[in-house]
Amino acid sequence: MSDWKWTQIANHDTLTEGPVWDGSGLLYNECSASTTFRWDPKTKESTVWRENTSAANGQTFDRQGQLFVCEGDAHRVTKIDPSDLDAEPLVISDAYSGETMNWPNDIAVDQRGRVYFTDPNYTGGLRNLDHESVYMVEHTFGGNWNTMRVTFDTHKPNGVLLSTDQKTLFVADTPNGPDEQKRLLAYPVNEDGTLGDHKVLHDFGVGRSIDGMTLTAAGTILATAGSSSGGPGPMIYEFEASGRVVQTHPTAADNPTNCSFGGSSLSTLFVTFAGGEVYQVDGVGHTGQLAYPQRRF
């Protein structure tokens, strides 16, 4: 039985996503409202941090504290300077081979500043591209950004996460079809940022599988998955890098969407949900492995 302590810190009308700790507070998105909120642990309140986000979903900081965001409605990935929110976001990727992206969903940045993002289509409408893939965006000489497709075998990639040593990219492949395999995949990262052949770490069968993921300092993957509609229900899964399930923890609400660490020692887990809830979880027994901010003692 999990002894995690769940405390609800916010509740919105629609799905929340993209939790990231900015050093002293939590940023997260209410996607359909195109609004990023910031929760302050001192006041225990959430306030609007950024509006007109084009249904921003997954987001992450690089080592310099710049925020990279998947803007689904705008079919693009942008970089935002948190110190100047009035400035126009810098578009780093919005097309591949001359075609507009589908719906950029989740994102990870490696220690070299290369940006990996997933581009599924959960809208039910037509895709802009004839595939749903993972991309790597690299800053090139002259200030340009080059977008490269790095998976050719994904069906509907969702959550994405880099291992502690940056040598593996974990991808949650979550197709909608009832007979389609929903799996956690691990791709070796080549020196040039491209990916090798994947290994299946976990197969969820036909149930709701992983949406978002975060990493502990020890390299354990914490993943949001499951729902009350079937299977074991909504859970936080703890995976070793090998794919072995270490432990599962029932969540306080249905359909968890994403998670990330925060707090002064990066030992508090924050979880967002499809119903709009946001929870703080204490007593998880882990500290987070984040590019920014660094852990403080």
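Here are some notes:
- Phe204 vs. criteria at pLDDT 95 or above, of a type in the set (Phe, Trp, Tyr) and over 30 Å from His139 (Cα atoms): no
- Index of the failed condition, Tyr28 passing every other in (1) on the phi < 0 side of the Ramachandran plot; (2) outside any strand (DSSP E or B); (3) surrounded by 13 or more Cβ atoms within 10 Å (Cβ to Cβ): (2)
- Considered as a group, the residues in region 127-167 that are among the β-branched types (Val, Ile, Thr) and crowded, with 17+ Cβ neighbours inside 10 Å include one that is farthest from Leu290 (Cα to Cα), and that residue is Thr154.
- Residue match in region 239-246 (condition: among the charged types (D, E, K, R), within 15 Å of Trp6 (Cα to Cα) and surrounded by fewer than 21 Cβ atoms within 10 Å (Cβ to Cβ)): no
- Among all positions in region 222-229, there is no residue which is modelled with pLDDT of 95 or more, touching a Leu at 6+ places or on another chain (Cβ under 9 Å), surrounded by fewer than 24 Cβ atoms within 10 Å (Cβ to Cβ) and of a type in the set (Gly, Ala, Ser).
- Any hit, region 175-189, residues being touching a Ser or Thr at 6+ places or on another chain (Cβ under 8 Å), within 24 Å of Gly285 (Cα to Cα) and β-branched (Val, Ile, Thr): no
- A Cβ distance below 8 Å, combined with a sequence gap of six or more or placement on separate chains, defines the contacts here; from region 33-49, residues that are at positive phi reach residues that are assigned to a strand (DSSP E or B) in the pairs Ser34/Glu51; Ser34/Ala56; Lys44/Ile9.
- Hey, Ser209 at pLDDT below 95, under 29 Å from Thr287 (Cβ atoms) and crowded, with 17+ Cβ neighbours inside 10 Å or not: yes
The values are calculated or read from the model by the stated rules, or taken from the named source; none is laboratory data. Every value quoted in this text rests on a predicted model; they were computed, and no experiment measured them. Because the Cβ atoms are built from the backbone with ideal geometry, glycine has one as well, and the counts that use them run over all protein chains shown.
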